[in-house]
1. If you place +1 on the Cβ of every Lys and Arg, -1 on the Cβ of every Asp and Glu, and leave all else neutral, what size is the dipole of the stretch 40-100 about its Cα centre, to the nearest 20 Debye?
2. Can you flag which of LYS49/LYS93; LYS49/LYS107; LYS70/LYS93 are past 25 Å Cα-Cα?
3. Between THR118 and LYS88, what is the spin-label point distance in nm, taking each point 7 Å from the Cα along the Cα→C-beta axis?
4. On the accessible surface of the stretch 58-112, probed at 1.4 Å, how many percent belong to carbon and sulfur atoms?
Amino acid sequence: MKKMIFALVAMVMMTMSMNAQSVNDNRSMTFDRMSSYLELRIDQVEPVKTAMAQFDSMMEALYQLKDASKGLETWERIQATHKNSMKKILDGKQYDKWVKMLELTAKNHADRIIEQQTASK
């Protein structure tokens, strides 16, 4: 489990170094898809956007960390904070969908990183 989380942290760090315009386009498209999947109400859209922006800024801070040993601890704290924020905004069914989506995304990214690391050896 720790290997997966560490791989996820590494993935996030690599992803953050991508072209800023591409990231903004992807974020917009991702948010649109996520809001459709979660069936967000109009009154939920802005709070979710705000929570996602806060998450992005916390991830940027994680990317700036030089000490990899603190990365896992920081990732766990960021994830817990973000989950708490989303739980306050979403209803039960939406939150359950969102958690599954988050966990699947993290697993997929971690698997890709592990696969890339194995292939490069």
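The values are calculated or read from the model by the stated rules, or taken from the named source; none is laboratory data. As the structure is a prediction and not an experimental result, all values here were calculated from the model. Glycine gets a Cβ as well: all are built from the backbone with ideal geometry, and neighbour counts include every protein chain shown. Note: areas computed on protein heavy atoms with side chains; ligands, DNA, RNA excluded. Shrake-Rupley method; radii C 1.70, N 1.55, O 1.52, S 1.80 Å.
1. 200 debye
2. Checking Cα-Cα distances, LYS70/LYS93 exceed 25 Å.
3. Each label point lies 7 Å from its Cα, and together they span 4.1 nm.
4. On the way: 1810 of 3400 Å².
That fraction is 53 percent.
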